[in-house]
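Before any comments, here is the structure.
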Amino acid sequence: MNSTEQTTKNSDNESPRNYKTILLEVQRLRSRAGSTAHKRAKLLCAVFNDTVFRADCGNVDDFRAADILDSYIDDLCLGFLDLKALLEYYPAKRHWREGRLHRMFQTMMAEKESATTRRPRRSSKPVAEETKKALAERLETARRELAKTRSAAISEVDQLRARIAELETENAELRTRVAELEAIIEPCVYAA
């Protein structure tokens with residue numbers, strides 16, 4: 001493991017720091033509660049992504065790691081995963097100045113929900129109809145090609161059967177001729 005994997009950079013991109021140092025800073029900032037929530041969220045996200053932190057915790061999954069980090073923000077109205085989602089949605093520090101995290105979270109959830117319900121449903125039907133028409137055309141084209149291929153195969157089989165009949169007739173004629181020639185040659189061979 002190299003040194004960059006063993007350390008976590010702080011939020012101001014200064015020198016790399018150990019996740020334990022970051023957690024101590026988060027605890028120190030706890031006394032100012034909501035006014036430092038943005039910085040605390042950024043620091044805890046850095047710890048959350050730290051491979052050494054995960055290894056020290058027994059290589060836990062995201063949910064267990066979040067449970068561990070929840071204890072550093074129990075004075076806030078949100079758990080770590082909610083705080084992380086809030087930071088991803090509102091990355092700018094200016095959104096966090098008032099420290100009204102619960103209201104920010106409600107707004108975020110409402111905006112996300114309205115974004116999912118705003119999708120126009122009418123556009124999906126024409127696409128479905130176009131898809132059905134395209135599939136029907138492809139199916140019809142495939143059926144025509146299959147019919148042509150089948151017709152050609154049947155024709156080829158008929159031609160081969162006719163050729164077999166011709167060859168069997170020729171073969172019978174040749175066997176008869178060979179028998180006649182053997183009958184002529186056989187007395188000559190014994191006489192000599």
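The values are calculated or read from the model by the stated rules, or taken from the named source; none is laboratory data. Predicted model, so just to flag it, every value in this text is computed and none were measured. Every residue, glycine among them, receives a Cβ derived from its backbone with ideal geometry; neighbour counts consider all protein chains shown.
Can you confirm whether Leu44 is part of a helix (DSSP H, G or I) and surrounded by fewer than 17 Cβ atoms within 10 Å (Cβ to Cβ)? Before you say what the answer is, go through the steps one by one.
Values: part of a helix (DSSP H, G or I): yes; surrounded by fewer than 17 Cβ atoms within 10 Å (Cβ to Cβ): no.
When the stated conditions are applied, Leu44 does not pass them.
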Neighbours by Cβ (under 9 Å, 6+ apart or cross-chain): first from the range 26-50, within 17 Å of Arg100 (Cα to Cα) and among the β-branched types (Val, Ile, Thr); second at pLDDT 85 or above and in a helix (DSSP H, G or I): none
Among residues of the range 92-115, those that are within 22 Å of Arg30 (Cβ to Cβ) and within 31 Å of the chain's Cα centre (by Cα), counted: 1
In the range 47-67, the residues that are surrounded by 17 or more Cβ atoms within 10 Å (Cβ to Cβ) and not acidic (Asp, Glu): Val47, Phe48, Phe53, Arg54, Ala65, Ala66
Whichever residue in the range 93-150 is among the hydroxyl-bearing types (Ser, Thr, Tyr) and at pLDDT 80 or above and, among such residues, is farthest from Asp82 (Cα to Cα): Thr149
